[in-house]
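Everything below concerns the one structure shown next.
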Amino acid sequence: MTSPAAHVSQGALTFDKKLIFASALALCGVFFAADATGLCAAATLAETARFLAGKGVASDSRLAPYAHTRFYAQYAEQIRAGWMRFQQPNLENMQRWWRNYAPAAYSTVFYPFSGPDIANAIALFPDADSYLMFGLEPPGVIPDPPAMQNDMINAGLNGLRASLDTIFQVNFFMTKGMEKKLGRRSFNSITGLIMFLLASNDCEVTGARRMAVGPDRAIVPGTAADDSINWRDPPRSRVPGVEITFRKNLGKIQTVRYFMLNIADASLGKSSPNFIPYMKSMGRLATLIKSASYLMHKDSAREPPDHFDQIRALVLTQSDFIVQDDSGVPLRFFARDRWKVLFHGKYDMPPRQFANLFQKDLKVEMQKSSTGRLPFSYGYDYNPGESNLMTAERIQ
């Protein structure tokens, strides 16, 4: 996911290696939505998502001439190769392993500090009705490449390709400076990345619209003015976001909602007091946490004023099932008379930036009770056999 002003995606880790987001040719192409609320035709959205994922377009599409250019052919080949080299086999290994540990039932999946990472959410919880995600990055305008000139499309695809660098290698977005690297009007906006990841997972995008959590905790239509909202100084009681619907194999319609907000306690009280009530209105949750910068390790008793008590309390009180790496809720918060806890993989130390957040009790449990090394990459310890997971199922 670190002070609220310093963490990015509130779930990202800074590494002394190249950043995921290379500069993308000033990415200033204008994307047009069908109307002021950001609604787009389902056929156009499905086509756009497939186009971004390098899967081409129909022969009668307005994008067909562009899809036959040398530039797009090279882009599509690189994107497909990158996806198949690591991300696809990693997700497939995760899904096979997960069959023995997945919860029997769930409806709403909560993925705090997620950024655009819908891929891991649908790998672990493929049958959810809705997925709720948030980060500091603005959702961005819904892309519409048929309305763009070729040079703008080229720039947008270059930016998207650069932004996917580490997700193809380590299964998380290395997002230091993500806010600066993402474009509100580019293919590698949050919205564009979610659409890309859905199409890459063979999902059909069926709808997209701007939306927001309003003052009364209800979802309200988005407006063009939402594009100018900054997470550092948002209007009180309005949390902007995007809603994307999709389906797989002509199955049921599923919904992704992504919100832009600072979830630190001080910011929630000042700017977004309606978000936690909105989340409480969503009923019981299955919660997924990955690469979350150890923010929920910080609490008011230990590190005032930079703490995240409210989001941690929400996760613990409203979740019936939690799957997380060691960057999530510390083990000390899981009372054994309330949770059935299982340990998977290997845990030694957090990355050096968070070495002070080492959990001795987790180390003991992993050494004593781990079900074995994980056959996939998850979280910051992404090297083969080095990742860790904890699953917690509520028992009362």
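Pairing each residue of the stretch 144-157 that is closer than 15 Å to Met195 by Cβ with any residue that is surrounded by fewer than 17 Cβ atoms within 10 Å (Cβ to Cβ) and at pLDDT below 90, provided the two are 6+ apart or on different chains, yields C-beta distances under 7 Å for Asp144/Phe32; Pro146/Arg62.
Residues checked against (1) surrounded by fewer than 18 Cβ atoms within 10 Å (Cβ to Cβ); (2) more than 15 Å from Val329 (Cα to Cα); (3) acidic (Asp, Glu); (4) more than 25 Å from the chain's Cα centre (by Cα):
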{"residue": "Lys360", "(1), (2), (3), (4)": "yes, no, no, yes"}
{"residue": "Lys363", "(1), (2), (3), (4)": "yes, no, no, yes"}
{"residue": "Pro375", "(1), (2), (3), (4)": "yes, yes, no, no"}
{"residue": "Asp381", "(1), (2), (3), (4)": "no, yes, yes, no"}
{"residue": "Asn388", "(1), (2), (3), (4)": "no, no, no, no"}
{"residue": "Ile395", "(1), (2), (3), (4)": "yes, yes, no, yes"}
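Conditions (1) buried (at least 24 other Cβ atoms within 10 Å of the Cβ); (2) touching a His at 6+ places or on another chain (Cβ under 6 Å); (3) of a type in the set (Ser, Thr, Tyr), marked per residue:
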{"site": "Ser114", "(1), (2), (3)": "yes, no, yes"}
{"site": "Ala123", "(1), (2), (3)": "no, no, no"}
{"site": "Asp129", "(1), (2), (3)": "no, no, no"}
{"site": "Leu136", "(1), (2), (3)": "yes, no, no"}
{"site": "Pro139", "(1), (2), (3)": "yes, no, no"}
{"site": "Ala147", "(1), (2), (3)": "no, no, no"}
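The single condition from (1) under 30 Å from Trp231 (Cα atoms); (2) of a type in the set (A, V, I, L, M, F, W, C); (3) in contact with a Gly (Cβ under 8 Å, 6 or more places away or on another chain); (4) at pLDDT 90 or above that Ala49 fails is (3).
Residues of the stretch 327-369 being among the small types (Gly, Ala, Ser) and touching a Ser or Thr at 6+ places or on another chain (Cβ under 7 Å), which ones?
Step one: of the stretch 327-369, the residues among the small types (Gly, Ala, Ser) are 327-328, 335, 345, 355, 369.
Selection gives Ser327, Gly345.
Meeting the requirement of 3 or more residues that are under 28 Å from Phe308 (Cβ atoms) and at pLDDT below 80, the helices (runs of 4 or more DSSP H) wholly within the stretch 103-181 are 178-181. When the residues of the stretch 346-358 are filtered to those that are over 24 Å from Leu316 (Cα atoms) and among the charged types (D, E, K, R), the one that is surrounded by the fewest Cβ atoms within 10 Å (Cβ to Cβ) is Arg352.
Taken together, Phe376, Phe343 contain a single residue that is outside any helix (DSSP H, G or I), farther than 23 Å from Val315 by Cα and not basic (Lys, Arg), which is Phe376.
Return the only residue of Met349, Met366 being farther than 23 Å from Phe125 by Cβ, in contact with a strand residue (DSSP E or B) (Cβ under 7 Å, 6 or more places away or on another chain) and not in a strand (DSSP E or B). Quick ask: steps written out before the conclusion?
Numbers: Met349 fails: in contact with a strand residue (DSSP E or B) (Cβ under 7 Å, 6 or more places away or on another chain).
Every option except Met366 fails the conditions.
Being acidic (Asp, Glu) and assigned to a strand (DSSP E or B) is the filter here, so list the residues in the stretch 191-215 that pass it. Listed by number, the list holds a single entry, Glu204. Scanning the stretch 314-322 turns up at least one residue that is buried (at least 24 other Cβ atoms within 10 Å of the Cβ), in contact with a helix residue (DSSP H, G or I) (Cβ under 9 Å, 6 or more places away or on another chain) and within 17 Å of Trp97 (Cα to Cα).
Any residue at all in the stretch 55-77 that's outside any loop (DSSP other than H, G, I, E, B) and either among the acidic types (Asp, Glu) or under 23 Å from Lys248 (Cα atoms) (or both)? Yes: the stretch 55-77 contains one or more residues that are outside any loop (DSSP other than H, G, I, E, B) and either among the acidic types (Asp, Glu) or under 23 Å from Lys248 (Cα atoms) (or both). Being β-branched (Val, Ile, Thr) and under 19 Å from Tyr382 (Cβ atoms) is a property that Ile118 has.
Restricting the search to helices (runs of 4 or more DSSP H) fully inside the stretch 216-326 and requiring at least 3 residues that are modelled with pLDDT of 95 or more and under 17 Å from Ser107 (Cα atoms) gives 275-280, 309-318.
The values are calculated or read from the model by the stated rules, or taken from the named source; none is laboratory data. As the structure is a prediction and not an experimental result, all values here were calculated from the model. Ideal geometry is used to build each Cβ from the backbone, glycine not excepted, and the neighbour counts take in all protein chains shown.
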